[in-house]
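Read through the structure below, which is laid out as structure tokens, and then see the notes.
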């Protein structure tokens, strides 16, 4: 693995280990059900001697997004599965995806690279509505006059 930053390398290694475990579980399920194992990428499809295409930080952002995608995907799939073993697998995948996301996010934060969502500052005190036309700026006065 051609990664210069040891912190980023550790997250990528964790992600690779997770993927290997997931492939083992899915392969075992396919064998048990007598489903043909799909042929994925092989040594013939990838040239490992080419120069790297992306910097370490790109790979870290990618892994963070893969963790977030895993949380979403497995969470959507879980309630639609009847088999207990598959539900248990998806449950463990949700947990490991969250761990992957958190590890990547922690390193991004430590390196000052974490991209925050926009946020609204907390109000200093509660406010009350004093006019009945509190939506007038969004809908316009004419809309409220029509419904009076």
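Worth a mention:
- Screening residue 38 on (1) within 20 Å of residue 113 (Cβ to Cβ); (2) at pLDDT below 95; (3) exposed (fewer than 11 other Cβ atoms within 10 Å of the Cβ) shows it passes everything except condition (1).
- For segment 1-15, the tally of residues that are in a helix (DSSP H, G or I) and loosely packed, with under 12 Cβ neighbours inside 10 Å stands at 1.
- A Cβ distance below 9 Å, combined with a sequence gap of six or more or placement on separate chains, defines the contacts here; from segment 71-87, residues that are on the phi < 0 side of the Ramachandran plot and modelled with pLDDT of 95 or more reach residues that are surrounded by 10 or more Cβ atoms within 10 Å (Cβ to Cβ) and not in a helix (DSSP H, G or I) in the pairs 87/81.
- Only residues that are outside any loop (DSSP other than H, G, I, E, B), farther than 19 Å from residue 23 by Cβ and either free of Cβ contacts under 8 Å to residues at least 12 places away in the same chain or over 17 Å from the mean Cα position of the chain (by Cα) (or both) were counted across segment 88-122, and they come to 3.
- Failed criterion for residue 36 (all others in (1) more than 26 Å from residue 104 (Cα to Cα); (2) touching a helix residue (DSSP H, G or I) at 6+ places or on another chain (Cβ under 8 Å); (3) in a helix (DSSP H, G or I) hold): (3)
The values are calculated or read from the model by the stated rules, or taken from the named source; none is laboratory data. Only a predicted model underlies this, so the values are computations on that prediction, with no experimental measurement involved. Ideal geometry is used to build each Cβ from the backbone, glycine not excepted, and the neighbour counts take in all protein chains shown.
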